[in-house]
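Quick notes on the structure that follows.
Every read-out reported here was derived from the displayed coordinates using simple, explicitly stated rules and does not represent laboratory data. Nothing here was measured: the structure is a model prediction, and the numbers come from that model. When we count neighbours, we look across all protein chains shown, and the Cβ atoms used for this are built from the backbone with ideal geometry, even at glycine.
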Amino acid sequence: MSRPAPIAGSIEEELAARSREGRFPAASWWIGGPAGVLESGALGAATPATPFDLASLTKPLCTALLGVLLEQQGKVDLDAPVSLFLPELTGSIAGDRTLLELGSHRAGLPAWRPLSATARGREGMIDEIGAAPCGPPGEVLYSDLGYLLLGFAFERAEGAPLDRQFRERIAVPCGSPRIDFPGEHDRFADAAPTEQGNVYERRLAGWAGRLPGWRETIPPGQVHDANSHALGGVAGHAGLFGTAAAVGIVASEILRPRHLSLGARARGRLLSPVAPGADRTFGFVLARGSDAGRGVLPDDAPGHTGFTGCSLWLLPDAGTALVLLTNRVHPAVADEDFQPVRAAFHARALRRLA
């Protein structure tokens with residue numbers, strides 16, 4: 001049975017037009033907050049129950065959120081250097097950077113390295129990141145490597161793997177919505193498919209792209225990011241899968257905590273800039289610092305995007321979360337800028353909220 005034509009001016013109409021252009025084969029969205037769902041839907045090869053690879057939404061929804069919860073319990077100090085938790089980094093430039101600098105992308109670490117091809121396990125990854133050249137502290141450079149270190153540090157601080165911490169500290173208190181790390185299991189085999197192999201990262205890796213181990217296929221439910229996959233699908237920078245509704249449920253807890261014991265300081269870490277005039281919080285970027293929100297959303301609205309085609313934006317004053325999940329990397333990663341798609345979604349969402 002075919003779906004009815006979308007309503008003129010609606011979110012569905014906007015996304016359906018982008019899907020017909022070939023920007024993505026599947027999409028799901030959710031708008032709401034603690035007061036309830038204002039709108040949700042799906043199109044293309046997806047239903048509202050379809051999970052997506054959340055890619056870098058792992059950073060704010062898992063790693064940064066765990067960080068402020070651990071700090072609130074006195075188990076970490078985000079102003080402490082990462083070498084306090086990863087002593088093997090002692091003496092390196094990266095080791096001197098604070099957890100707060102890593103989590104706000106102000107540590108000067110490189111954006112990415114093909115660690116899955118060049119490093120042996122997590123210890124090898126830590127060593128390679130520690131040896132990587134760094135810019136000065138305070139220099140803003142979006143870095144997967146910083147969040148890899150954060151994930152390792154929080155595992156050491158708590159003495160438990162990241163996926164277990166996420167389930168016990170976040171997912172279960174939130175009512176166990178369908179958001180989790182699949183790890184080595186097939187619990188997300190019904191997920192929207194991503195790229196047909198590591199073609200994009202392999203090309204980006206240069207000489208390391210000729211090394212063995214790159215995937216020729218990526219089954220649905222297996223994390224797209226190669227560095228996360230090398231860690232069993234559980235890492236601080238990528239690995240979460242979830243539905244749009246599940247993302248919205250966790251995001252709503254950041255905005256108006258009901259089940260997570262997030263105090264004012266913890267929420268401030270997540271929602272407020274780390275320094276006067278900064279565009280970064282611990283975990284998020286402000287709309288003024290992203291083409292996904294600049295000029296559309298309030299300048300100080302925090303949010304995040306993910307490489308696979310997902311995004312989450314928060315409107316703290318309204319207590320509202322805007323969730324868009326797509327698989328724009330299927331079957332291959334296109335060169336075309338995806339930020340205008342997100343910006344158009346946000347514009348339609350604001351009209352819906354007006």
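Residues of the range 229-259 with amide nitrogen under 12 Å from the 7 Å Cα-to-Cβ point of VAL37? Residues passing the 12 Å test: 243-249.
Placing a label point 7 Å from the Cα of ALA80 along the Cα-to-Cβ direction, the residues of the range 257-274 with a backbone N closer than 20 Å are 263, 265-267, 269-270.
On the basis of the beta-carbon distance and an R0 of 41 Å, ALA318 and GLN73 show a calculated FRET efficiency of 0.90. Helical runs assigned H by DSSP (4 residues or longer) give the chain a calculated mean residue ellipticity at 222 nm of -8500 deg cm²/dmol, each run adding -39500 (n - 2.57) before division by the residue total. Along the Cα-to-Cβ line of ASP96, 7 Å from the Cα, sits a label point; which residues in the range 141-156 have backbone N less than 12 Å from it? Answer for the range 141-156: none. Based on alpha carbons, the Rg and Dmax found for the range 1-151 are 20.5, 63 Å. Descending by average beta-carbon neighbour count within 10 Å, the peptides 279-288, 216-225 line up as 279-288, 216-225, the highest first.
Here are labelled values, (i) 0.93; (ii) 1.06; (iii) 1.12, and one is the computed Cα Rg over 2.2 N^0.38 Å for what I pasted. Which one? Entry (i).
Highest average first, the peptides 100-110, 250-260 ordered by how many other beta carbon atoms sit within 10 Å of their residues are 100-110, 250-260. The distance between label points at ARG265 and ASP300 comes to 2.1 nm (points 7 Å beyond Cα on the Cα→Cβ vector). Segment ALA275..LEU211, full-extension length gain: 18.9 nm, with 0.36 nm per residue of separation and the alpha-carbon distance subtracted. Between GLU123 and ASP190, the modelled label-to-label distance comes to 4.1 nm, taking each label 7 Å out from Cα in the direction of the beta carbon. The HN-Hα couplings worked out from phi for the range 61-75 by the Karplus form 6.51 cos²θ - 1.76 cosθ + 1.60 (θ = phi - 60°) are 6, 10, 5, 5, 5, 4, x, 6, 5, 5, 5, 4, 8, x, 8 Hz, whole numbers, x standing for Gly and Pro. Treating r as the C-beta distance of ALA332 and GLU88 and R0 as 51 Å, the FRET efficiency rounds to 0.85. Full extension of the chain between LEU353 and ASP291 gives 20.2 nm of extra length, using 0.36 nm per residue less the Cα-Cα distance.
Each of the peptides 17-24, 264-271, 195-202 was scored by the mean count of other Cβ atoms within 10 Å over its residues; in descending order, highest first, they stand as 195-202, 264-271, 17-24.
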